[in-house]
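**Q** Please see the structure below; I have some questions.
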Amino acid sequence: MLSRSGLPADDLDPDLYNEDQLPTTVAERTWTWVSISALWVGMVVCIPTYLLASYLIGAGMDWKQAVITILLANAIVLIPMVLIGHAGAKYGIPFPVLLRSSFGPMGARIPAVARGIVACGWFGIQTWVGGSAIYVILNTLSGGLFASEALPILGINLTEFLCFLAFWGLHLYFIKHGTESIRWLETWSAPFLIAMGLALLAWAWVKAGGFGPMLSAPSQFAPGQPKEGQFWSVFWPSLTGMIGYWATLALNIPDFTRHARSQKDQFLGQLIGLPLPMALFAFISAAVTSATIVIYGEAIWDPIQLTERMGGVGIIVALVALIVATLTTNLAANVVAPAHGFSNLAPSRINLRRGGYITAAIGLAMFPWLLINHIVDLLVAFSALLGPIAGVMLADYYLLRGTRLSVPDLFRRGGIYEGSGGNNWAGIGALILGILPNILGFMVAIGLSSSAPALFMSIYTYAWFVGLFVAGIAYLVLSKLLNR
C-alpha cells in the first residue's frame, strides 16, 4: 500500500512520520517565486527589523553604512538559505526530516527542538508586540480609558493582557488552517506592507520638509569623530549579529521550499524577497527616524511610540499595518519551525497543527512581557550557536551525499541513516565541536560569566561563521572515522 506521497506505507516506521511530514505531492507544490518573495516580505516587515538600523546607527554608523551592513549580511545568509532550501524543493521534506540524514532519526530531535525553543521565545515576543499595538489603538481612541494599574503576578494591566490574548488567539486560526492559509496571508499582505512602508516614508518626508539631521550626520568612525578608526571592530560583530537574525530560518527553510514548484521558484523567490526588502526597510527606518527629530524634536525609533505621536486616522492605519506585519512574521518565522520540531518528537501523536498549538502554549507560558528586556539578547546568543547545525547539514547534503538522499530511509529505522541506535554520532559530535569555540563568549553574552580570554571573545565575534565551518569540517572527518 502506498502512502499519500507515494512511499510504501508498510515500509515506513509509524514513529517517524505523519501526513504533515511526508514529502509534498505535485499537487501540493503550489508556491511560485511570487509566493516565496511574498513570504519574505511578510517576514521582513516587522518591528524588530525596523529597529536593526537603530542598533547600527547607535553603534556609530551613518545611515549608508548601516543599510550596506544589513544588505551584505542578508546577501551572505541568503547563501545557506538557498542551499538548504534546495533539499526541500527537490525532495519535498521538512526540516526535521532532512536532519535525519546527518543526525540520524533519533539524533535529529536534538537540533530540531533547539531550533524550536528559540522560535518559541521569538513567538512570545512578537505576540506581545502585536498585542501592544492593539492596546495602543484602543487606548488612543478611548482617550486613555483603558490605562490602569498593573495586575499582581502578571505585571501588566487587564486590557494589555486581553489584547495580548486576542492577538495570540488570532494565530490559532492560521495554525488550525495550516501552511496554505499562511501562504494566502503572506501573498495578500505583502503589497499592503510595502505600500504602508512607502507611505510612512512619504509622510515623514512631507512633515519634516526632507529627511533631517540623521541622514546628514557623519559616521562616528570618520576622521575627527569620537570613534575614529574603530569601524572594523564594530562592523564585524554587527555583521555577525545581522546574519544571526535570519540564521535560524536558514535551517528550517525546507519547511517552505518543500511547497515550491521548482528550484528556480525557490531561488528567485528568496533572491528577490530577502536582501533588497531588508535593505529598503532599514533605509525607511533610518529616514523616518531622522525625520522625527525635525517633527518632534527627538529621535523616535519605536514605531509604536511613533504612531502614538501621529494621532488622528493615521494611528489606526499605521497600527493595523504593524499588527499585520507582526502576524505575518510570527506565523512564518516562529510557528512553522517549532511546530515541525515538536511533531518530530512523536509524529504518530503530534501532527503539524498540534505542534503549532504547543508552540503557542509555550509562547504564552513564557510571560514575554516580563522577559522581553532580557530574552532578546539570550535568543540572539542562542541563534549564534545554531550556525553549527547549518554547517553539518550543508556538509552532509552537498559534500558527503552530493544532494542524493534515499527518501524512504528517512522514514524508517534500520535504514542507511540509522547510525547507532538511531543516532549519527558524527553529526552530534560535529555539532558539539562547532559550539565549543563559542561557549566562553556565549556565557559572557548571556551574563553567566563576567569575562573570557580575549581570543575567545574575538572568536565569538564571528560565532556564526566559526560554528558553521568548524562543524562542517568536523562532520566530514568524523563521518570518515565513525561511519566506515
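**Q** How long is the gain from Val313 to Ser233 if the chain were fully straight, where each residue apart is worth 0.36 nm and the alpha carbon distance is subtracted? Spell out each step's value before the answer.
**A** Details: separation 80, 0.36 × 80 = 28.80 nm, distance 4.45 nm.
Once the chain is fully extended between Val313 and Ser233, it gains 24.4 nm.
**Q** Moving to a separate point now. Could you state the number of Å between the C-alpha centres of segment 21-51 and segment 393-435?
**A** 27 Å
**Q** If you stretched the chain out fully between Ser450 and Leu345, how much longer would it get, using 0.36 nm times the residue separation minus the C-alpha to C-alpha distance?
**A** Values: separation 105, 0.36 × 105 = 37.80 nm, distance 3.62 nm.
That pair, Ser450 and Leu345, stretches by 34.2 nm at full extension.
**Q** Rounded, prolate or oblate: which one fits segment 157-232, using the alpha carbon gyration tensor with axes a ≥ b ≥ c (rounded when a/c is under 1.5, else prolate when a/b beats b/c, else oblate)?
**A** Details: a/c = 2.36, a/b = 2.10, b/c = 1.12.
Prolate.
**Q** I'd like the carbon and sulfur percentage of the solvent accessible area for the chain, probe radius 1.4 Å, heavy atoms only, ligands and nucleic acids excluded. Walk me through the numbers on the way to the answer.
**A** Details: 13240 of 19320 Å².
Summing carbon and sulfur atoms, their accessible area is 69 percent of the total for the chain.
**Q** Cα axis of helix 263-273 to longest principal axis of the chain: angle in degrees, 0 to 90, nearest 10?
**A** Taking the Cα atoms of the chain, the angle to 263-273 is about 20 degrees.
**Q** Test of understanding: what is the full-extension gain from Ala299 to Gln263, defined as 0.36 nm times their sequence separation minus their Cα-Cα distance? Show your work: numbers first, answer last.
**A** On the way: separation 36, 0.36 × 36 = 12.96 nm, distance 4.36 nm.
8.6 nm is the gain from fully extending Ala299 to Gln263.
**Q** Below 8 Å between Cα atoms, with a sequence gap of 6+, how large is the relative contact order for segment 291-403 in percent? Provide the component values of the computation, followed by the final result.
**A** On the way: 43 pairs, mean separation 12.6, N = 113.
Worked out over segment 291-403, it gives 11 percent.
**Q** With label points built 7 Å along Cα→Cβ from the Cα atoms of Thr25 and Ile416, find their separation and express it in nm.
**A** A separation of 2.7 nm, rounded to one decimal place.
**Q** If you don't mind, there's one more thing I want to ask. Modelling each spin label as a point 7 Å along the Cα-to-Cβ direction, I'd like the Leu162/Val320 distance in nm, to one decimal.
**A** 2.2 nm
**Q** Is segment 223-326 rounded, prolate or oblate when judged by the Cα gyration tensor, a ≥ b ≥ c being the square roots of its eigenvalues, rounded requiring a/c under 1.5 and prolate requiring a/b larger than b/c?
**A** Numbers: a/c = 2.84, a/b = 1.24, b/c = 2.29.
Cα axes put segment 223-326 in the oblate bin.
**Q** Got the relative contact order for segment 232-322 handy, in percent, Cα pairs under 8 Å and 6 or more residues apart?
**A** Values: 20 pairs, mean separation 9.1, N = 91.
Relative contact order of segment 232-322: 10 percent.
**Q** While we're on this one: For a test of the definition: using alpha carbon positions, the gyration tensor, and the 1.5 limit on a/c, classify segment 320-448 as rounded, prolate or oblate. Write out the running numbers ahead of the final one.
**A** Working: a/c = 2.10, a/b = 1.32, b/c = 1.59.
It comes out oblate by the Cα gyration axes.
**Q** Roll a 1.4 Å probe over the protein heavy atoms and report the accessible area of Leu170 in Å², nearest 10.
**A** 70 Å²
**Q** Sticking with this one: In square angstrom, what is the accessible area per residue of the chain with a 1.4 angstrom probe? Each step should come with its number before you reach the end.
**A** Values: 19320 Å² over 484 residues.
Per-residue accessible area for the chain comes out at 40 Å².
**Q** For the chain, just run the numbers: alpha carbon Rg, then divide by 2.2 N^0.38 Å, N being how many residues it has.
**A** Relative to the rule-of-thumb radius for its length, the chain sits at 0.99.
**Q** Using the Karplus curve 6.51 cos²θ - 1.76 cosθ + 1.60 with θ = phi - 60°, work out ³J(HN,Hα) for each residue of segment 243-259 in order, rounded to whole Hz, and write x for Gly and Pro.
**A** Listing the rounded values in order: 5, x, 4, 9, 4, 5, 6, 4, 6, 9, 4, x, 4, 9, 5, 5, 9 Hz.
The values are calculated or read from the model by the stated rules, or taken from the named source; none is laboratory data. This one's a predicted model, so the numbers in the text were calculated from it and none came from an experiment. Glycine also receives a Cβ, built like all others from the backbone with ideal geometry; neighbour counts cover every protein chain displayed. Heads up: the accessible areas ignore ligands, DNA and RNA and are worked out on the full protein's heavy atoms, side chains in. Shrake-Rupley method; radii C 1.70, N 1.55, O 1.52, S 1.80 Å.
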